[in-house]
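Computed from the coordinates by the stated procedures, all read-outs in this text should not be read as laboratory data. Note that the structure is a prediction, hence the values are computed from the model and not measured. No Cβ is skipped: glycine too gets one built from the backbone with ideal geometry, and neighbour counts run over all protein chains shown.
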Amino acid sequence: MNQRPNLIPLLLLAAQWPLGWLLGQVLNSYYVQIIVYIGINVILAVSLNLINGITGQFSLGHAGFMATGAYVSAACSLLAWPGLPAPLAVPLSLLTGGLAAAGAGLLVGIPTLRLRGDYLAIATLGFGEIIRVVILNADAVGGARGLSVSPTLGSYGFAVVFTCAIACVLVLWRIVHSPRGKAFTAVREDEIAAAAMGIDTTRYKITAFVVGAFWAGVAGGLFAHFIGYIHTNSFTFLKSIEIVVMVVLGGMGSTSGAILAAVVLTILPEALRDVAEYRMIIYSTLLVVMMLTRPSGLLGRHEITEWRFWRSRTAPSPLAD
């Protein structure tokens, strides 16, 4: 019985490769690209949810970690091991990009996580802009010209991206729902009380920052190797805001909510292309209405797997006739 939950993720991971081939046969490249963007945004939203939603910090620097992973992984593919075949070069580049982003998260997290609330948001926002400006002025990685990336994921984009997305969700789910993972939630609920109970709050905040940054770096590497060209315009402050909106809309602290919001907010701008001149107005209005009607997000702090959550949605009101 205990092996069944572990078997399901393995089957999901194995299914990505034939499913990617099938989608390439029945869908044109535009729709496949949107689906791949969904996978990348799922990684970004779930990883930021660990920082903002689970641990209760307020980071606006996720685009900076994504940029770090994108450029480091691209530089590794082009310079460090250009002779390696793609099946070896791409995973090594993604891992290196993720580790570089995790290192950046550690360097930023140690001094800034002493701050709280708006001050932490401003500090992480400054970090993201520093990374972007440094890359923009670094000719070694293309500077203002951008950087062409090789090898690209090509027809394997869906399989590679969603394999990483499933791995990200599984790893973060295990972290959050493990006995030690309850300490992250304790830090969010009351940091002073958590410290009084013997929890090393600084350690857990830095751990959340480093793990979230690692997966943001992996997402950046996937983005770079899928598109084949990167520029700092893809990692601006607005990208960080977009990821934060996904976390807030899905529900702060809900992993499945972050996944759902990433899917919705990736598809919605594309679905509104027929009314391009009003697209951003409609998009913004829908977000405002959503926040007014569901201020806790789509799922609040619940998970989609919680039976009590669904039962409360479908059970008749005791006041009903």
**Request:** For each of ILE267, ILE243, ILE135, ILE35, count neighbouring Cβ atoms within 10 Å of the residue's Cβ, then give the residues from fewest to most.
**Result:** ILE267, ILE35, ILE135, ILE243
**Item:** Among ILE34, ILE281, ILE166, residue whose mean-square fluctuation peaks in a GNM of the chain (springs only between Cα atoms under 10 Å)
**Value:** ILE281
**Prompt:** Using the 10 angstrom Cβ neighbour count as an exposure proxy, how do PHE65, PHE127 rank, fewest first?
**Reply:** PHE127, PHE65
**[x] 25.0, 83; [y] 22.0, 69; [z] 20.0, 73, with the label sought being that of the calculated Rg and Dmax of the Cα atoms in Å** = [z]
**Complete:** Quick calc, the chain, dipole around Cα centre from Cβ unit charges on Lys, Arg (+) and Asp, Glu (-), nearest 20 debye, gives 480 debye
**Part-to-part distance (alpha-carbon centres) for the stretch 52-121 and the stretch 183-218, which is given in Å** = 18 Å
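What percent does the relative contact order of the chain come to when contacts are Cα pairs within less than 8 Å and at least six residues apart?
So the answer I get is 30 percent.
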**Prompt:** Most exposed first by the Cβ proxy, i.e. fewest other Cβ within 10 Å, how do TYR37, TYR204, TYR119, TYR71 rank?
**Reply:** TYR119, TYR37, TYR204, TYR71
**Request:** State whether the stretch 80-185 is rounded, prolate or oblate according to the following rule on the C-alpha gyration tensor (a ≥ b ≥ c being the square roots of its eigenvalues): a/c under 1.5 gives rounded; otherwise a/b larger than b/c gives prolate, and the remaining case gives oblate.
**Result:** oblate
**Complete:** Total charge of the residues flanking ALA67 in space, meaning their Cβ is under 13 Å from its Cβ, with Lys and Arg +1 and Asp and Glu -1, is +1
**Asked** So, by mean Cβ neighbours within 10 angstrom, what's the order for 108-116, 188-196 with the highest one leading?
**Response** 108-116, 188-196
